Amino acid sequence: MLIDTHAHIFLEQFQSDFDQVLERANGVGVGHILLPAIDVASIESCIHLAESHRDPGTGPVLHAMAGIHPSAVQEATDVDMQRVREFAAHPAVLAIGETGLDYYWDRSFDDKQHAFLREHIRLAAKVDKPLVFHDREASEDLVRIVAEEKARSAYPERIRGVFHCFGGPDAHTELVLDLGFHMGIGGTLTFKNGGVPENTSTVPMDRIILETDAPYLTPAPHRGKRNEPAYVRLVAEKLAEVRGLSVEEVEAVTTANAATLFGLELV
Ligand SMILES: [Zn+2]
């Protein structure tokens, strides 16, 4: 069984063929799909989908997250953060995310991004659920803030999770490993000249989980088209190739890692 630990299939890009998307995922052995929220409205969509897809006998089991994406933080209010705290306790919500930092699109609200990131980390420690981090050109600050929050937390061991769409660079890899976090590997692994196989070559297999980030970052040979959870198998195949492992080995290890990190029952 494979697990897609990061797929935004609640977005409108999947509205017209949602059931077929799940069928194709089921067809290649995807047993669980985790849905990272972007804003308060999408937390509700994720929970609704998770509650209506809980039976492994009928296809992939869906799981919700609660969080505000760093790029959505600009519009977010304290009331929104309060809603995230309320949703965080919901049984269908198994992680806090996605949160993190994005310096690529807009540097005009860095302070607000930092403040919301810290709120998400404290919330994750409080409810004892893993964090899902988005990091775009912000590795240094993200790693520093996580380390600071761990140092000041009454529950540092609860501050765990994944740096999703991990691609290096090497210097950052060591810091993420030191923090005890996992790395989410997705379609960028298949990009020619993307540097991801090299940048992630020192990451031990027991820290890797697989993801698609659907509908974005579509792996080869489907680049340019919409990404979807079934393509997580292409990521597994590429990882097997660059590590000299069998696809079955990659599947077994990454699925066990994800199940442990997110507390998933594998049936
Ligand atoms: Zn995402």
Does ALA220 qualify as being closer than 16 Å to ASP135 by Cβ and surrounded by fewer than 22 Cβ atoms within 10 Å (Cβ to Cβ)?
-> no
If you go through ALA72, ALA64, ALA37, the only one that is under 23 Å from ILE121 (Cβ atoms), within 16 Å of the ligand (Cβ to nearest atom), part of a strand (DSSP E or B) and within 18 Å of the chain's Cα centre (by Cα) is ALA64
ASP170 free of Cβ contacts under 8 Å to residues at least 24 places away in the same chain and at negative phi | no
Could you tell me whether any residue of the range 109-117 is under 15 Å from PHE181 (Cβ atoms) and surrounded by 15 or more Cβ atoms within 10 Å (Cβ to Cβ)?
-> yes
Just give me the residues in the range 24-34 being more than 16 Å from the ligand (Cβ to nearest atom) and β-branched (Val, Ile, Thr), in sequence order.
-> VAL28, VAL30
Of all residues in the range 180-197, which are exposed (fewer than 15 other Cβ atoms within 10 Å of the Cβ) and under 18 Å from the mean Cα position of the chain (by Cα)?
-> GLY180
Evaluate the range 10-23: report whether one residue or more is within 16 Å of the ligand (Cβ to nearest atom) and of a type in the set (Val, Ile, Thr).
-> no
Any chance VAL61 is of a type in the set (Val, Ile, Thr), crowded, with 19+ Cβ neighbours inside 10 Å and in contact with a Gly (Cβ under 9 Å, 6 or more places away or on another chain) | yes
Which listed residue, of THR212, THR218, THR200, is within 16 Å of the ligand (Cβ to nearest atom) and either basic (Lys, Arg) or over 14 Å from the mean Cα position of the chain (by Cα) (or both) = THR218
Might you check whether a residue that is part of a loop (DSSP other than H, G, I, E, B), at pLDDT below 95, within 19 Å of the chain's Cα centre (by Cα) and within 16 Å of the ligand (Cβ to nearest atom) occurs anywhere in the range 129-150?
-> yes
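The values are calculated or read from the model by the stated rules, or taken from the named source; none is laboratory data. Computed from a predicted model, the values in this text were never measured in an experiment. Neighbour counts are summed over all protein chains in view; Cβ atoms, including those assigned to glycine, are modelled from backbone coordinates with ideal geometry.
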